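First comes the structure, then the notes that go with it.
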Amino acid sequence: MALKDFLTVLDALIEQATAAFATAADAEALEAARVEFLGAKSGRLKAVQKDLGGVDKADKPAAGKRFNEVKQDLEALLAAATARLSGGGSTKSAEAAFDPTVPGARARLGHLHPITQTIAELCDIMGRLGFTVAEGPEVEDLWHNFEALNIPLEHPARDPLDNFYLATAAAGAGVPTGEGQWLLRSQTSTVQIRVMERTKPPVRIISLGRVYRPDTPDATHFPMFHQIEGLLVDRHVTMADLKSILHLFASSFFEDDVQVRFRPSFFPFTEPSVEVDMSWEGRWIEFGGAGMVDPNVLSAVGYDPDEVTGLAFGLGIERICARRHGIPDIREFFKNDVRFLQQF
Ligand code: PHE
């Protein structure tokens, strides 16, 4: 057999096989095409292979080479057709399924937790009033959480039932007293002490962060919550400054002329001390405590109470955020339910 005739047969075979595999409408039709062209016993490729024996000896290498190419092509065509019918994989069908005019699927963006957003905004507002942000540790010693804040050993605020003391080697029964004992801070007022210990007056700082108290969770309590602490120490600081700062702060955050009310109260580290209420839809809501820094506290950090006076306040950030968004229960902030968090 002449090489030319052999190659013509192969060309016809590949042409017909291409058409057959491409038009096979289902798995059955494709299988029939496979048997016809690639069948091991009586397939057409097999028949052509027999013809190869009759090709002139000198032309055998060229004929064999072409035969192998056609065989590989047929197998590739079969694989592509199989992928097309099984619904994917082949580049051809993926291209057909891609419609560039369909609007894209947007990636879902996360965002900051509402408490974190509130903290950022409070920092911004207080920053405009000249307060810089200070930080302190969440695990505190007894000096910063109590002693320096004028909370003596026998004070009920030190009760183990009201604080998360850490288990230490020195811990025994009763109220922990001394060195090497730690607790999760129960208030951000600790940072007042830390800042005053390392800076000379005037001081004008806020500190925002987590505090811990073993409270039973309810709509307005949680064992961990956040406070914003403010401290201003300078000459001639008065209670009037305290009230006007809180009024400016509240009106700016709530974008409303919020009324601020002081009720007489007691904190060991302020004298006088007040509870801070703010108006909300005709009601008064308690946001925290405030007062003039007690002279004992100023002395404890080496300030001269005859030279400077100070104002301080500590407000609950969950309550501030809840009032802004009308959230009736602060426990929502800590459930991490995306349906709730998505709204902010
Ligand atoms: N530390 C007080 C509390 O946790 C709040 C407070 C801060 C009161 C500063 C007076 C001055 O309730």
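By count of other Cβ within 10 Å, fewest leading, how are Ser186, Ser252 ordered? Numbers along the way, then the final one.
Numbers: Ser186 21, Ser252 17.
Ordered by Cβ neighbours within 10 Å, fewest first: Ser252, Ser186.
Under a crude label model (7 Å from the Cα following the beta-carbon direction), how far is Leu3 from Thr101 in nanometres?
Each label point lies 7 Å from its Cα, and together they span 5.3 nm.
Normalised by the residues of the range 3-97, what does the relative contact order come to in percent, with Cα pairs under 8 Å and at least six apart?
33
Of Gln192, Leu311, Ala2, which is farthest along the charge dipole of the chain in the positive direction, counting Lys and Arg as +1 and Asp and Glu as -1 at C-beta?
Ala2
Using helices alone, what [θ] at 222 nm do you get for the chain, with -39,500 (n - 2.57) per DSSP H run of 4 or more residues, divided over all residues and rounded to the nearest 500? List each step's numbers first, then the result.
Values: 12 runs with 139 residues, N = 344.
Mean residue ellipticity at 222 nm (helix-derived): -12500 deg cm²/dmol.
Which loop GluC sites (Glu not before Pro) in the range 188-274, with loop taken from DSSP, have no more than 15 other Cβ atoms within 10 angstrom of their Cβ? It would help to have the intermediate numbers written out before the result.
On the way: sites: Glu197, Glu229, Glu255; in loops: Glu255.
Here the sparse-neighbourhood loop sites are Glu255.
Work out the FRET efficiency for Arg108 and Arg263 from their Cβ-Cβ distance, taking R0 = 51 Å, and round it to the nearest 0.05.
Details: r = 46 Å, r/R0 = 0.90.
In this case the efficiency is close to 0.65.
Using 0.36 nm per residue of separation minus the Cα-Cα distance, give me the extension gain between Val338 and Glu307 in nm, one decimal.
Contour length minus the Cα-Cα distance gives 6.0 nm.
Rank Gln49, Pro100, Leu85 by how far each Cα sits towards the positive end of the charge dipole of the range 1-153 (+1 on Lys, Arg Cβ; -1 on Asp, Glu Cβ) and give me just the farthest.
Gln49
Could you put Thr116, Thr238 in order, starting from the residue whose Cβ has the fewest other Cβ atoms within 10 Å?
Fewest-to-most ranking of Thr116, Thr238: Thr238, Thr116.
Just tell me the longest site-free run in the chain, where the sites are trypsin sites (Lys or Arg not before Pro) in a DSSP loop having at most 14 other beta-carbon atoms within 10 Å. Numbers along the way, then the final one.
Numbers: sites that count: Lys41, Arg106, Arg108, Arg235, Lys335.
After excluding every exposed loop site, the longest remaining stretch is 109-234.
Could you run the Karplus curve 6.51 cos²θ - 1.76 cosθ + 1.60 with θ = phi - 60° over the range 5-16 and give me ³J(HN,Hα) per residue in whole Hz, x for Gly and Pro?
Once rounded to whole Hz, the list reads 5, 4, 5, 4, 4, 4, 4, 5, 4, 5, 5, 5.
Run the numbers for Ala58 and Asp329: contour at 0.36 nm per residue of separation, minus the present Cα-Cα distance, in nm.
Working: separation 271, 0.36 × 271 = 97.56 nm, distance 9.32 nm.
Going from the current span to full extension adds 88.2 nm.
Please give the FRET efficiency for Asp256 paired with Glu197, using the beta carbon to beta carbon distance and R0 = 35 Å, rounded to the nearest 0.05. Don't skip to the answer; put the middle values down first.
Details: r = 38 Å, r/R0 = 1.08.
Calculated transfer efficiency: 0.40.
Only the coordinates and a few stated rules stand behind these numbers; no lab work does. What you are looking at is a predicted structure, and each value in this text was computed from that prediction instead of being measured. Note: ideal-geometry Cβ built from the backbone for every residue, glycine included; neighbour counts use all protein chains shown.
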